1. Using +1 at the Cβ of each Lys and Arg and -1 at the Cβ of each Asp and Glu in chain B, identify which of B:70, B:6, B:87 lies farthest towards the dipole's positive end.
2. Tabulate in residue order the Karplus-calculated ³J(HN,Hα) for the stretch B:70-85, using 6.51 cos²θ - 1.76 cosθ + 1.60 with θ = phi - 60°, rounded to whole Hz; enter x for Gly and Pro.
3. Have a look at the protein assembly as shown and give its Rg and Dmax from the Cα atoms, expressed in angstrom.
4. Extending each Cα 7 Å along its Cβ direction at residue A:69 and residue B:71, get the distance between those two points in nm, one decimal.
5. Could you work out, residue by residue across A:40-51, how many beta carbons of other chains sit within 10 Å of that residue's beta carbon, and then give the average as an integer?
6. For the residue pair residue A:40 and residue A:57, what label-to-label distance in nm results when each label sits 7 Å from Cα along the Cα-to-beta-carbon direction?
7. Convert each backbone phi in the stretch A:61-75 into a coupling constant with the Karplus relation 6.51 cos²θ - 1.76 cosθ + 1.60 (shift: θ = phi - 60°), then list the ³J(HN,Hα) values in order as whole Hz, x for Gly and Pro.
8. What is the Å³ per residue value for the convex hull set by the Cα atoms of chain B?
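Values in this text are rule-based calculations from the coordinates and carry no lab data. Note that this is a predicted model, so its numbers are computed, not measured. Counting neighbours? That spans all protein chains shown, and the Cβs are built from the backbone with ideal geometry, glycine included.
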Amino acid sequence: GESVGLHLPTLSVQEGDNSIINCAYSNSASDYFIWYKQESGKGPQFIIDIRSNMDKRQGQRVTVLLNKTVKHLSLQIAATQPGDSAVYFCAENMGSGYSTLTFGKGTMLLVSP
Amino acid sequence: ETGVTQSPTHLIKTRGQQVTLRCSSQSGHNTVSWYQQALGQGPQFIFQYYREEENGRGNFPPRFSGLQFPNYSSELNVNALELDDSALYLCASTLQGFQETQYFGPGTRLLVL
């Protein structure tokens, strides 16, 4: 079946570096994408979203890029901090009439001081 | 804080038992979704309720059922518990139910022995 997947299960960076987390999606009908951050013992926390009519969106220290041609999504975190250490999920909404999200397995981001 | 709360935080049950998990959504959010998150995996969509009726369902058997109440609270009921039901159960609330950001609660950790 179609699913959302991540290229890198674990990403280790130094504090202050820029981090890039990638996600491949296979459902061409998906038109809304969200990045979530999940810390240990907590629920997913919304970071940033993007609709399919856009290819880039920026937030505070984060940027999401969407490449519909190759069905690729990325999350860029600028000046990564130890507090950014968490599991990051991309999720897609296929616009089926109700807002169900399909999640990938997640990428663990480890930030060293 | 997302304004979404869940109870209990942790629960231990034995195989064959029944369990009820509770969620309180953000005020005004008329849509609630439930997800199951196994260890090391992304959340999997169970079902969604909109205005107190089931509005969509993932690949889960009928022993997973739910209720949504007018006060924006909801329940997830699981009958005949199996060992594989051990997971983090998350609820997420949405304002409109379509392509709107889903805000997650902290989850209920269920262990089935």
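1. Checked the options; the winner is B:87.
2. x, 8, 6, 8, 8, 10, 10, 10, 10, 9, 6, 4, 10, 4, 6, 7
3. 17.3, 50
4. Once both label points are built, they end up 5.5 nm from each other.
5. Working: counts 0, 5, 5, 15, 12, 4, 6, 0, 1, 3, 0, 1.
For peptide A:40-51, the averaged partner shielding equals 4.
6. Taking the two extended label points, one gets 3.1 nm.
7. 6, 10, 9, 10, 10, 10, 10, 6, 4, 10, 6, 10, 10, 9, 10
8. 94 Å³
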